[in-house]
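Right, one structure below, let's go through it.
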There are 2 protein chains.
Amino acid sequence: MNNFTFQNPVKLIFGKGSIARLAREIPADSRLMITFGGGSVKQNGIYDQVVAALAGREFIEFWGIEPNPKIETLRKAIALGREHKVDFLLAVGGGSVLDGTKLIAAGIPYEGDPWELVLDDRKIGRVVPFADVMTLPATGSEMNAGAVISNLATQEKFAFHHSFPRFSILDPEATFSLPPFQIACGIADTFVHVMEQYMTVAGCSPLMDRWAEGILRTLVEIAPKIRENPHDYDRMADYMLCATMGLNGFIAMGVPQDWATHMIGHELTALHGTTHGQTLAVVLPALLTVMQEQKGEKLLQYGDRVFGIREGSSEERIERTIRATEEFFRSLGLATRLHELGIGAETIDEIVRRFDERGTRLGEQGNITGEVTRRILERCK
Amino acid sequence: MNNFTFQNPVKLIFGKGSIARLAREIPADSRLMITFGGGSVKQNGIYDQVVAALAGREFIEFWGIEPNPKIETLRKAIALGREHKVDFLLAVGGGSVLDGTKLIAAGIPYEGDPWELVLDDRKIGRVVPFADVMTLPATGSEMNAGAVISNLATQEKFAFHHSFPRFSILDPEATFSLPPFQIACGIADTFVHVMEQYMTVAGCSPLMDRWAEGILRTLVEIAPKIRENPHDYDRMADYMLCATMGLNGFIAMGVPQDWATHMIGHELTALHGTTHGQTLAVVLPALLTVMQEQKGEKLLQYGDRVFGIREGSSEERIERTIRATEEFFRSLGLATRLHELGIGAETIDEIVRRFDERGTRLGEQGNITGEVTRRILERCK
C-alpha cells in the first residue's frame, strides 16, 4: 500500500425530507446567494422546498449555470455576489451547478480573472463558504474539493481543486423527475469514477479493491431496476450513495489512480458539448482494450468479481470483461462509439494535437501520450 | 435506507515514516502533553521517533494509561494537564491510551469529577484539542468520537462520545513488535465492530453491505498471513486500514446497528479484566445462535459472501456460518468459551442482575433483555 493522507470534512445530510434542515445548517446572519441551473427545480418542487426551509431569511438568486459550467456565466455570478457582499453560497442543482459555485466561491474574493484560478488553483486564497442541495447524483462534487469548468472562448475544459462544501443535502426524492438520459449518464459517470481509482495495478490494497468492486456491483445490480422505475426510493437512494462514495476519497486510500478516460472525455465535451457521462461510456471500453496488457491482472479480478467472468483463458476473460463493460453502458441506453455521436476523424486529430502540444501523458504510469490516445479513439470510432 | 447524517473530519496520515510529520501537524506554540501506556513504546523505538519528530519543542509526558483505561488513572492525568495549562494532547499508543486521552481532553476544562462525563456526555463542554500516533490497530478510536472508560471502584465500563482527533498518524511498522495475542484481539475487535453495524436486517443498503463484507473478507484473508509473519508490512497496513475503516461511520450510513455483543463483552471486562477483543470472540457466536431467527436472512448473506457457504438448507447454512465465525476466532488463537477464561455461572448471574436493574434492552430491535443475555451466556459457557 502507498502512503497517503486523507481528510474529508463534509457533513452529509441524507434522506427524505432533509431539505427542511437548511435553516439549521446555514448561519442565520448569512448574506446568502443561492445558485441554480436552468429552472428544472421550479418544476419539480425543489425550489419551493428550499424557499420554505429558508422562510423569513433574505437571499439573492443567481440562475442559469449550465451543464459543463462556463466561465462566461460564472463571471456574472461572481460580479453579482460581490455587489451584494455575499458571504455564504448555496448551490441547488446537479454537479454542474455545484462545480460552478465552487469557482464562484473562490472567485468572489479573488482580484484577477477567475479563469486564472481554474488554470492554477494554487492562486486560490480565501474562499466564501458554500454548501449544496444535490438533485442529480453523478459527479461526487457534493463530497469532494474538485470542480470542472469550461471556457467557451477557448473550447477548453479543466478541473481544479480547493475546498469542500460545508454540508451537502441529498434527498433521493429530488431525483425522481430526472430525464432517463441524465440518470444513465450519472450512473456511467459514477461507474467510471470508481474505475479510475480501481482499474490500475492489482494487489495494492485488498480493502480498497473490495470497496470499489462494492460500488461497481451495486451499480450493475440497481441500474436495470432504476430504468424500470426511477421513482423507487430505495434504489435511487442506493444510486445517490454510490455516486457520493465514488469520488470522495474513500476508495482512493493508498492506491494509484488513472483518470485518462476522464481527460480524454473532457476533450470530447469541450469540442462537441457531449454530456460528460456519455463521453466516458465511449472512451472507457476502448481504453481498457488498448491498455489491457498493463491492466491485465486487474481486468481479470474485475471480470471475476463484478461480472462473474471466470471461465476461459486470460485473453478470453479479458475480452469478455471489456465487452461486458461496454454492454453495461449500452444497457443504460448510452452510445459507446464516436460515430453514434456524430464525432469523426478530425476530432481525433484535434485531441491528439492538443495532447502533443501540452505534452500530456495520462494514466497511472503516465504513458498514455497523444499517440496512445489516437489508438484509443480509433478503437471506439 | 434510513435517513442519516454523516461527518468525520479526522485527518489520517498513513504509512511508513509518517511519525516524522508530527511537528508539522501540532501547532508550534502548543503547551503539549503526550500520553502513553505502560512503556512498550520505549522498547519498540516509537518513543524515540516521536521525540525526534518534536526536537526543539517542549512537552510534558504522562505515563501509565492502562488497557481498559481507569478513571482513577485519568484523574491524575487531568490534574497534571491543568497544572501545566496544557492546550494540546497527543496520545501515543493503542486504543486505550487514545480513549483515556479523549477523557483527559474533556476533563481538563470540566469543573466536576470526570466520571460524570462518562455517565452523561451531554455535560461535556470545551475540549482540549487532541491527536494520536496509533500503535495497535483495533478500536477505531483514531477515527471516531467515542471512548470507553472503566471504573475500578464500581467495576463498571461505559462508552461516551464527544469530539474527533485532529489527526491520526498510522504507521504499520509501529505494529511490528505487538505480541500475537494483542494482534489476535485487535483483529477480533475489528471483525466484531463491523458485525455490529452489518449483522442486523437484510436489504437496508446494498452498498453498505458490500463495504462491511469487504472488511470482513479482507480480515479473513489476511489473518493467517499475519499470524505467519507479523512483520509483513503490506498485510499489517491492510489490517490497520481495516481497523480504522471498521469504526469510523463509513459502513454505518443509513443502516441499523446492534452493539449487544460489545455491551455484554464490556461486562465481562469490567468484572474479570478480560481483554476486550477476547470477550467479543466468546460472545458473538453465541449471540448469533440465540438471535438466528431475527438475523436469519442476513446470516445467510454473510455466510455466502464472507465464507462461501452456499450449499444445504437455510438451517444448515446458518449453523455452518456461525461455526465458521467461531472457527475464525479460534484460528486467531482466541478462546470462544467462558470456561476457557475461568468465568463461571456466578458472572452470568451478576451480568443478568445488572441488566435487569438498569432495564437494559440491547440489539437492533431492543429485545435483548437480561433473560436473553442469560441464554446467550449459557450458550458460550
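The values are calculated or read from the model by the stated rules, or taken from the named source; none is laboratory data. All of these numbers come straight from a predicted model, not from anything done at the bench. Cβ atoms come from the backbone with ideal geometry, glycine included; neighbour counts cover every protein chain shown.
When the range A:266-279 is filtered for residues that are assigned to a helix (DSSP H, G or I), over 18 Å from A:Thr325 (Cβ atoms) and among the β-branched types (Val, Ile, Thr), only A:Thr269 remains.
Looking at the structure I just gave you, is B:Val282 in contact (Cβ under 8 Å) with a residue 60 or more places away in the chain, within 14 Å of chain A (Cβ to nearest Cβ), under 25 Å from B:Ala324 (Cβ atoms) and more than 15 Å from the chain's Cα centre (by Cα)?
Numbers: in contact (Cβ under 8 Å) with a residue 60 or more places away in the chain: yes; within 14 Å of chain A (Cβ to nearest Cβ): no; under 25 Å from B:Ala324 (Cβ atoms): yes; more than 15 Å from the chain's Cα centre (by Cα): yes.
Considered against the rule, which asks whether it is in contact (Cβ under 8 Å) with a residue 60 or more places away in the chain, within 14 Å of chain A (Cβ to nearest Cβ), under 25 Å from B:Ala324 (Cβ atoms) and more than 15 Å from the chain's Cα centre (by Cα), B:Val282 comes out as no.
Taking the range B:176-192 as the range and being under 26 Å from B:Glu25 (Cβ atoms) and either at pLDDT 95 or above or of a type in the set (A, V, I, L, M) (or both) as the test, the residues that pass are B:Leu178, B:Gly186, B:Thr190. If the condition is being in contact with a Phe, Trp or Tyr (Cβ under 7 Å, 6 or more places away or on another chain), away from chain B (no Cβ under 14 Å) and either surrounded by fewer than 16 Cβ atoms within 10 Å (Cβ to Cβ) or within 30 Å of A:Gln257 (Cβ to Cβ) (or both), then the range A:2-30 contributes only A:Pro27. Looking for whichever is without any contact (Cβ under 8 Å) to a residue 60 or more places away in the chain, touching a Cys at 6+ places or on another chain (Cβ under 8 Å) and among the hydroxyl-bearing types (Ser, Thr, Tyr) here; the options are B:Thr321, B:Thr336. Which one fits? After ruling out the rest, the residue left standing is B:Thr336. In this entry, B:Ala324 is excluded by the filter for residues that are in contact with a Leu (Cβ under 6 Å, 6 or more places away or on another chain), in the same structural domain as B:Thr373 (by TED's automatic domain parsing) and not aromatic (Phe, Trp, Tyr).
Hey, among A:Ala91, A:Ala77, A:Ala53, which residue is on the phi < 0 side of the Ramachandran plot, surrounded by 23 or more Cβ atoms within 10 Å (Cβ to Cβ) and touching a Leu at 6+ places or on another chain (Cβ under 6 Å)? After applying the criteria, what remains is A:Ala91. The helices (runs of 4 or more DSSP H) found entirely in the range A:157-265 that carry 1 or more residues being surrounded by 24 or more Cβ atoms within 10 Å (Cβ to Cβ) and more than 11 Å from chain B (Cβ to nearest Cβ) are A:180-198.
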